[in-house]
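Colleague: A single structure is presented below for examination.
The values are calculated or read from the model by the stated rules, or taken from the named source; none is laboratory data. Keep in mind that what you see is a predicted model, and the values were worked out from it rather than measured. No Cβ is skipped: glycine too gets one built from the backbone with ideal geometry, and neighbour counts run over all protein chains shown. The accessibility values were calculated without ligands, DNA or RNA, using every heavy atom of the protein model including side chains. Shrake-Rupley method; radii C 1.70, N 1.55, O 1.52, S 1.80 Å.
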Amino acid sequence: QVQLVESGGGSVQAGGSLKLSCKHSGIIFSTCMRGWYRQAPEKERELVALISSDGTTNYAGSVKGRFAVSQDNAKNTLYLQMNSLKTEDTAVYYCREMCGSYTFWGQGTQVTVSS
């Protein structure tokens, strides 16, 4: 059993920053790809950032240079540091773990950026 719980969402003005966390509890897999996704109203869920077990990262073009994904394996926690936020970053943000044939999702946390 695996549970992912996001936190850190909220409301911020454009140009501001937020840091999201995704706490993993339950079974620990040795090798996982972890990531952050987001879904804005009436839009498809989209990839924001990925981080592999060796720390290799990949970002969507729209967030590259503004967002940073990281993980603390000792705390079983995934992070997303979001800087220079824009109104178009408003969405529900989800964390995801892909471990072999298993995929786990968090419940999501709302991020609202106002102008």
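Colleague: Keeping every protein chain present and rolling a 1.4 Å probe, give me the accessible area per residue for region 1-108 in Å².
Modeller: Result: 54 Å² per residue.
Colleague: So, with +1 on the Cβ of K and R and -1 on the Cβ of D and E, and no other charges, what is the size of the charge dipole of region 20-98 about its Cα centre, to the nearest 20 debye?
Modeller: 100
Colleague: Right, something else. Counting other Cβ atoms within 10 Å, keep those with at most 16, restrict to DSSP loop, and tell me which chymotrypsin sites (Phe, Trp or Tyr not before Pro) in region 26-59 are left.
Modeller: Filter output for region 26-59: Phe29.
Colleague: Label 7 Å along Cα→Cβ of Asn73; region 1-39 residues with amide nitrogen under 15 Å?
Modeller: Of the residues in region 1-39, 28-34 have backbone N under 15 Å from the label point off Asn73.
Colleague: Ignoring ligands, DNA and RNA, what percent of the accessible area of the chain is carbon or sulfur (1.4 Å)?
Modeller: The nonpolar share, carbon plus sulfur, comes to 48 percent.
Colleague: Once both labels are modelled 7 Å past Cα along the beta-carbon direction, what's the Ser7-Ser84 spacing in nm?
Modeller: 3.0
Colleague: Please compute the volume of the convex hull spanned by the alpha-carbon atoms of the chain and report it per residue in Å³.
Modeller: Measuring per residue, one finds 96 Å³ for the Cα hull of the chain.
Colleague: Which order do the peptides 64-75, 12-23 come out in when sorted by mean C-beta neighbours inside 10 angstrom, highest first?
Modeller: Ranking, from highest mean packing down: 12-23, 64-75.
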